[in-house]
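Some notes on the structure that comes next.
The values are calculated or read from the model by the stated rules, or taken from the named source; none is laboratory data. Remember, predicted model here, so these are calculated numbers, not experimental data. Cβ coordinates were reconstructed from backbone atoms using ideal geometry, including for glycine residues, and neighbour counts include every protein chain displayed. Calculation scope for accessible area: heavy atoms of the full protein, side chains included, ligands and nucleic acids excluded. Shrake-Rupley method; radii C 1.70, N 1.55, O 1.52, S 1.80 Å.
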Amino acid sequence: CNTASGTERSVSESGSVSPYSAPLELGAQEETEESPQSAQAEQITVSEETNGEAADEVYWPVPDYTYLATRFMQGGHRGIEICAPSGTAIFAVQGGTVTFSGYNDSFGNHVEIDCGDGLAMLYAHCSELYVTEGQSVATGDLIAAVGATGMASGNQCHLEMTRDGILFDPGAILTLPD
């Protein structure tokens, strides 16, 4: 994934926020030397403001980055790849229960979240994992950081979605950039 100047757009500029609603305003963020822990504390505060009732809300997983290296089923790809620099925060698209947080050779470090009603999401190739199996997360909570672990072609957030175990296009839930 190329994150050089000109290939990244902020979510607010591209309009790639969910067609449903966004629990947070996704404006352009300045780069800071903020630690993942302080970013997590900020997101937890926001989640508490919504009382954790975010089942119908979705959140763009990598704010300020909308360049997609691969789209759903492009070349047989199982999800979308959102390019961003290593260490960039990844947030939960939708709340639920973490069913896996660990490593395998294909996905590298990855998180799987059961969002209820048969909906599950997988975030792969992470450099860091900030959640543990069994943990409840709300929409917009910090869960991981962008990386290139496993069989990744570069720094990215690989996002897959399934309904009752069947893969579907994340564009059914998120408004994807052109």
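Assorted remarks:
- Any hit, region 53-64, residues being within 16 Å of L142 (Cβ to Cβ), at pLDDT 95 or above and either assigned to a strand (DSSP E or B) or open to solvent by 10 Å² or more (accessible area, probe 1.4 Å) (or both): no
- Looking across Q156, Q135, one residue alone is surrounded by 23 or more Cβ atoms within 10 Å (Cβ to Cβ) and not hydrophobic (A, V, I, L, M, F, W, C). It is Q156.
- Residues of region 142-169 classified as out of contact with any Lys or Arg (no Cβ under 9 Å at 6 or more places or on another chain) and within 18 Å of A84 (Cα to Cα), total: 17
- Test: residue in region 166-178 that is assigned to a loop (DSSP other than H, G, I, E, B), over 10 Å from the mean Cα position of the chain (by Cα) and at pLDDT 95 or above: no
- Each residue in region 138-167 was checked for being without any contact (Cβ under 8 Å) to a residue 60 or more places away in the chain and of a type in the set (A, V, I, L, M, F, W, C), and 5 of them qualify.
- Residue selected from region 81-128 under the condition part of a loop (DSSP other than H, G, I, E, B) and on the phi > 0 side of the Ramachandran plot, by the criterion surrounded by the most Cβ atoms within 10 Å (Cβ to Cβ): G87
- Only a single criterion out of (1) open to solvent by 20 Å² or more (accessible area, probe 1.4 Å); (2) in a strand (DSSP E or B); (3) β-branched (V, I, T); (4) closer than 23 Å to D64 by Cβ is not satisfied by T162, namely (4).
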